[in-house]
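The values are calculated or read from the model by the stated rules, or taken from the named source; none is laboratory data. Predicted, not measured: the structure shown is a model, and the values here were computed from it. Backbone-built Cβ (ideal geometry, glycine too); neighbour counts: all protein chains shown.
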Amino acid sequence: MWSGAEQEALWLSLIVATRSVAFSLPLAVAVAWVLARARFPGKGLLDGLVHLPLVLPPVVVGYLLLLGFGTRGPIGHVLYQTFGVRLAFTSWGASLATAVMSFPLMVRAIRLALETVDRGLEDAARTLGAGALDRFVSITFPLILPGVLAGAVVAFAASLGEFGAVITFASNIPGETQTLPLAIYQAIQTPEGDATAARLAILSIVLAFSGLLLSELLARRIRAMTTAP
Amino acid sequence: MIEVDIKKRLGAFSLDVQFEGGEGVTALFGRSGAGKSSIVKAIVGLLRPDAGRIRVGDMVFFDSNVGVDVPVNRRRVGIVFQDGRLFPHMTVRQNLLYGFERAVGEKRISLDAVLGVLDIAPLLERRPVTLSGGERQRVALGRALLSQPQLLLMDEPMASLDEGRKAEALPYFEILNSEFGIPILYVSHDVGEVVRLASDIVLIDAGQVVASGALGEVTARLSLPQGAEGFGSGVVLECRVEASDQEAGLTSLGTPIGRVRVALMDRNVGSRLSIRIAAKDVALALDEPRNISVQNVFRGRVVEIGEYPGYIVRLKLAVGEGFLLSEVTADAARRLGLAAGLEVVALVKSVAIGR
């Protein structure tokens, strides 16, 4: 039923999105923590910067990434010269693009969870001898885990669906950067591509639904641990 | 031993307190908003004083003169919060062991000892959300004890419990000090709790210490300072159960003012407790009356006399090695010719003596 190209697009999308979430999650937790807890000059600026991809046209984000991470951009140049790593027009580049685009969603979910954590519990842990890192690992993180999971799932879904930033920064190379939305776009552009487009669209819907269900299930499990009788 | 001498401005409120606490249970007593919680936070390290010094045992926690400020997690102060603050994602066992696992040095207090004293062994595998208020506070207490503290702070640990739960939890708090030998600072605005638990008291009002000392001594003052109105007028006496007569339905207590007979108590001979004798329950006579129902008759001497609005006269009497307060009408005082130095007989009904 599925053609090789379609399967390829599916796998590629999953890989790109998984990588994107895996690498940005720790950073998102750190940034969310800083935004929720720290007080420093320029915090508003950081907040704005993190949220920028949410309000900018994705194409602009892709373009900015090209400027920065293209082989001739300041960061891309260094990466290429020192490590031989090229991001533009590669699947890693696609992951970077989706990570940047979904980052604000992830940070928002985690930050929200952090803001609802009872600081009194952390104080109690402090009086019981727990240092800062210990406290985060043993108290804060388990308590925000539902929020972290929710953020990861939303970001994963957004990564699967990211179009503008990916096509601009990583281009539309079948097998390398052609994720589901890009494949759908191409199928629509192609004569007799309607069936392919429809099948890929259905696949996207199924993926999105499974993601939502999974996150709801996990969140319920965790909530049950902390609140159920 | 604990020594606190701190200053702190918090908006319009300013805290400026000096006091010491002993090896027993010291009550930090005052109205809400008097500054009790700020003092507790400063001792535990969650609030940094503007200036001053805090010492517990031989460890200086804070000293603004030499720039010492020991981090919260190294102070080894166990604290029981009003709301318990058990970790919701952990079982009771994990909660109890949280501080235990992080304690350094010799561990004098074992899990078994705490489980036994607090009766919480059956709760070990439960989650905090499933516990009743009283159970929660007992677990919080156990968790604090197991962190091997050199001082236990209790910030109104029973304020969120209803009367029934409170009565259920009080006995556990009562035996702590003697059982584990850890000095306790007990914050409360409940007179009953303080009388039952504390041996010393520090009275706080509007960010200042207005009185401090042994509970019996402070409560024997003719006029209590502002903030202590809750105590009304009456002395607290530390007693030892001397004998219980099942037949007569009476328990005899050895107190600084002599033997006091009260209605039968469910207490072992030799155990220690405190009672409170309200000034309005102490009647005075010049001669020892005969054929009366009153069980407690003491010979004493008027040492101080004060007049108060409403035609009431309040007197401080020296009885045995202690004191009693008595309130009589101004008319009665005139008829008996009550004056400082006069020998009198004080009468206290057994049923009027409460704990």
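Go through (1) surrounded by 16 or more Cβ atoms within 10 Å (Cβ to Cβ); (2) of a type in the set (Ser, Thr, Tyr); (3) farther than 30 Å from B:GLU101 by Cβ and name the single condition A:THR82 misses.
(1)
To keep it simple, each residue is scored yes or no on (1) in contact with an Asp or Glu (Cβ under 9 Å, 6 or more places away or on another chain); (2) small (Gly, Ala, Ser).
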site: B:VAL202; (1), (2): yes, no
site: B:ASP205; (1), (2): no, no
site: B:ALA214; (1), (2): yes, yes
site: B:GLY249; (1), (2): no, yes
site: B:VAL260; (1), (2): no, no
site: B:SER271; (1), (2): no, yes
site: B:ILE275; (1), (2): yes, no
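From B:LEU152, B:LEU146, which residue is more than 10 Å from every other protein chain (Cβ to nearest Cβ) and crowded, with 22+ Cβ neighbours inside 10 Å?
Details: B:LEU146 fails: more than 10 Å from every other protein chain (Cβ to nearest Cβ).
The match here is B:LEU152.
Kindly evaluate A:VAL154 against the criterion of being under 11 Å from the mean Cα position of the chain (by Cα), surrounded by fewer than 23 Cβ atoms within 10 Å (Cβ to Cβ) and either within 14 Å of another protein chain (Cβ to nearest Cβ) or farther than 14 Å from A:ILE15 by Cα (or both).
On the way: under 11 Å from the mean Cα position of the chain (by Cα): yes; surrounded by fewer than 23 Cβ atoms within 10 Å (Cβ to Cβ): yes; either within 14 Å of another protein chain (Cβ to nearest Cβ) or farther than 14 Å from A:ILE15 by Cα (or both): yes.
Here the answer is yes, as A:VAL154 does meet what is asked.
Look at segment B:56-82 and say how many of its residues are surrounded by fewer than 18 Cβ atoms within 10 Å (Cβ to Cβ) and out of contact with any strand residue (DSSP E or B) (no Cβ under 7 Å at 6 or more places or on another chain).
The total comes to 8.
Is segment B:208-226 home to any residue that is part of a loop (DSSP other than H, G, I, E, B), over 30 Å from B:LEU336 (Cβ atoms) and of a type in the set (Gly, Ala, Ser)?
Initial filter on segment B:208-226 (part of a loop (DSSP other than H, G, I, E, B)): B:220-226.
Going one step further and asking which of them are over 30 Å from B:LEU336 (Cβ atoms), we end up with B:226.
Applying the additional criterion that residues be of a type in the set (Gly, Ala, Ser) yields none.
For segment B:208-226, residues part of a loop (DSSP other than H, G, I, E, B), over 30 Å from B:LEU336 (Cβ atoms) and of a type in the set (Gly, Ala, Ser): absent.
B:GLU179 versus (1) assigned by TED's automatic domain parsing to the domain that holds B:LYS107; (2) surrounded by 20 or more Cβ atoms within 10 Å (Cβ to Cβ); (3) not polar (S, T, N, Q): which is the lone unmet condition?
(2)
Kindly evaluate B:VAL56 against the criterion of being within 14 Å of another protein chain (Cβ to nearest Cβ) and under 27 Å from B:GLY134 (Cα atoms). Please lay out each step first, then the result.
Values: within 14 Å of another protein chain (Cβ to nearest Cβ): yes; under 27 Å from B:GLY134 (Cα atoms): no.
Taking the combined requirement at face value, the residue does not satisfy it.
Could you check segment A:105-145 and list, in sequence order, the residues that are assigned to a helix (DSSP H, G or I), within 13 Å of chain B (Cβ to nearest Cβ) and of a type in the set (Asp, Glu)?
Within segment A:105-145, A:GLU122, A:ASP123, A:ASP134 meet the criteria.
Mind counting the residues in segment B:49-69 that are part of a loop (DSSP other than H, G, I, E, B) and farther than 17 Å from B:LYS7 by Cα?
Going residue by residue through segment B:49-69, those that are part of a loop (DSSP other than H, G, I, E, B) are B:49-50, B:57-58, B:64-67.
If we keep only those that are farther than 17 Å from B:LYS7 by Cα as well, we get B:57-58.
The total comes to 2.
All but one of (1) β-branched (Val, Ile, Thr); (2) in contact (Cβ under 8 Å) with a residue 40 or more places away in the chain; (3) exposed (fewer than 13 other Cβ atoms within 10 Å of the Cβ) hold for A:ILE202; state the number of the condition that does not hold.
Of (1) β-branched (Val, Ile, Thr); (2) in contact (Cβ under 8 Å) with a residue 40 or more places away in the chain; (3) exposed (fewer than 13 other Cβ atoms within 10 Å of the Cβ), only one is false for A:ILE202: (2).
How about segment B:102-125: which of its residues are assigned to a helix (DSSP H, G or I) and within 13 Å of chain A (Cβ to nearest Cβ)?
Start the filter on segment B:102-125 by keeping residues that are assigned to a helix (DSSP H, G or I), which leaves B:102, B:111-118, B:121-123.
Passing the criteria: only B:ARG102.
I need the full set of residues from segment B:72-91 which are within 8 Å of another protein chain (Cβ to nearest Cβ) and more than 26 Å from the chain's Cα centre (by Cα), in order please.
Across segment B:72-91, the qualifying residues are B:ASN73, B:ARG74, B:PHE87, B:PRO88, B:HIS89.
Could you please give the count of residues in segment B:308-321 that are modelled with pLDDT of 90 or more and among the small types (Gly, Ala, Ser)?
So the count comes out to 2.
Given the structure, is B:LEU46 hydrophobic (A, V, I, L, M, F, W, C) and in a loop (DSSP other than H, G, I, E, B)?
Details: hydrophobic (A, V, I, L, M, F, W, C): yes; in a loop (DSSP other than H, G, I, E, B): yes.
Yes; evaluated as a whole, the condition is true for this residue.
Which numbered condition trips up A:GLY129, out of (1) surrounded by fewer than 22 Cβ atoms within 10 Å (Cβ to Cβ); (2) at positive phi?
Every listed condition holds for A:GLY129 apart from (1).
For segment B:92-101, indicate whether the set of residues that are within 18 Å of A:ILE139 (Cα to Cα), facing another protein chain (nearest Cβ under 10 Å) and touching a strand residue (DSSP E or B) at 6+ places or on another chain (Cβ under 8 Å) is non-empty.
yes
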